[in-house]
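Read-outs: derived from the displayed coordinates by stated rules, not from any lab. The shown structure was predicted, so the numbers you read here are calculated from the model rather than taken from an experiment. Note that we place each Cβ from the backbone using ideal geometry, even for glycine, and neighbour counts take in every protein chain shown.
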Amino acid sequence: MYPSCNIPTPGSPRIIWLEISPYRVTMTMQGNAQLSYRHFWEQGVCGVSRYWLPSESFQPHEPIRLRNYTRSLILNGHPLPEHLRVEYELWSGKVQLGTYILNLEIKH
């Protein structure tokens, strides 16, 4: 017999969408009254990443803003995108929070 785990499940589905052009990408995630976010990436540019916490948090509806620096943005496929790779750094003030890679294969 396995022990039971009380893992919370989302009350409603989350929606993730990407706005892709050859030079910039915006990724947004919304849904289920949990964490939402929006990232803006453009190669060689400092963009903004915003995070919204649930409404019962200490600052409802006020986003947490972090800076990101896009080291690399590669988009392959023509006329429709087939592969996207974004490598970026996430910053809060002068503190680097980490380096991240989004690697996405797009099936049509």
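What fraction, in whole percent, of alpha-carbon pairs in the range 14-105 exceed 21 Å separation? Let's see the in-between values first.
On the way: 1503 of 4186 pairs.
For the range 14-105, the share of Cα pairs beyond 21 Å comes to 36 percent.
Based on the mean of other beta carbon atoms within 10 Å per residue, what is the order of 36-49, 67-80, most packed first?
Working: 36-49: 16.6, 67-80: 14.0.
For the peptides 36-49, 67-80, the packing ranking is 36-49, 67-80.
Rank these for me by crowding, LEU35, LEU84, going from fewest to most other beta carbons within 10 Å. The partial results should precede the final answer.
Numbers: LEU35 15, LEU84 20.
Ascending number of Cβ neighbours within 10 Å: LEU35, LEU84.
Place a point 7 Å from the Cα of ILE106 along the Cα-to-Cβ direction; which residues of the range 63-79 have their backbone N under 20 Å from it?
Only 70-79 fall inside the zone, counting backbone N under 20 Å.
Kindly put ILE15, ILE106 in sequence by how many other C-beta atoms sit within 10 Å of each C-beta, fewest to most.
Details: ILE15 11, ILE106 14.
Ordered from fewest to most neighbouring Cβ atoms within 10 Å, ILE15, ILE106 come out as ILE15, ILE106.
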